[in-house]
1. Do any chymotrypsin sites (Phe, Trp or Tyr not before Pro) in segment 61-125 lie in a loop, going by DSSP, with at most 16 other beta-carbon atoms within 10 Å of their beta carbon, and if so which?
2. Give the calculated FRET efficiency between V85 and W132 to the nearest 0.05, with a Förster radius of 30 Å applied to their Cβ-Cβ distance.
3. Kindly put K165, K44 in sequence by how many other C-beta atoms sit within 10 Å of each C-beta, fewest to most.
4. Just want the ordering: S35, S15, S131, S76, from fewest to most Cβ atoms lying within 10 Å of their own Cβ.
5. Label points 7 Å out from Cα along the Cβ direction at R93 and M120: separation in nm?
6. How many nm separate the modelled label positions at S78 and A103, each set 7 Å beyond the Cα in the direction of the Cβ?
Amino acid sequence: MDRNTNASNGILLASRLLLAAAFLPTGIGRLSNISGFAAAMTMKGMPYADVVATLVILAEIFGPLALVLGLAPRLSASALIAALVITTGILHRFWDYGGLTRATEQVVFVSQLGVLAGLMLYFITGPGAWSWQAWWRGFGEKSKPAAKKKKPSRPRAPRPKPAPKSAPVRSDMDEDDFADAA
């Protein structure tokens, strides 16, 4: 591996760790008071808040662990994106407030958009070579060379096209008949 590849993999690992750090403390906090989190969502008008709160907490606990290890990048990113959109859309509606509360909720809302952008980039780029997924697929092994195409032993010339068939000549006509016809 060259230096650029190592640097890219290091940046992808650092990004995964930072994204996980954005979710895991919140998920653990919500896990310790799941009924309070569900009640807050119910007060904001979320239907089936108990079920949604449980699913969001599961995503916020297991999603960051999958991020750290680089497991199932698209699934973990999708689960975290869904949890982020639900919690941000329900709990940080800054347009419903005024004054200092509005400014605070707007800052949180916009920062969550930045985390959303990071998750979308992770969804597209994947975890990189320094992950469980790369290890599982055998990233460190040398890849087999591609099979070479079999070349013909000598160049082939195109086959000649057959001559067009001419109209049959009648044998009962003489050269004089041809002259008279012209």
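1. Working: sites: F62, F94, W95, Y97, F109, Y122, F123; in loops: Y97.
Hits after loop and neighbour filter: Y97.
2. Working: r = 26 Å, r/R0 = 0.88.
For V85 and W132, the calculated efficiency is 0.70.
3. Details: K165 6, K44 14.
Ranking K165, K44 by Cβ neighbours within 10 Å, fewest first, gives K165, K44.
4. Numbers: S35 9, S15 17, S131 22, S76 27.
Fewest-to-most ranking of S35, S15, S131, S76: S35, S15, S131, S76.
5. About 2.3 nm, to one decimal.
6. Reported label-point gap for S78 and A103 is 4.1 nm.
Each value in this text was obtained by applying a stated rule to the coordinates, not by laboratory testing. All values derive from a computational prediction rather than experimental measurement. No Cβ is skipped: glycine too gets one built from the backbone with ideal geometry, and neighbour counts run over all protein chains shown.
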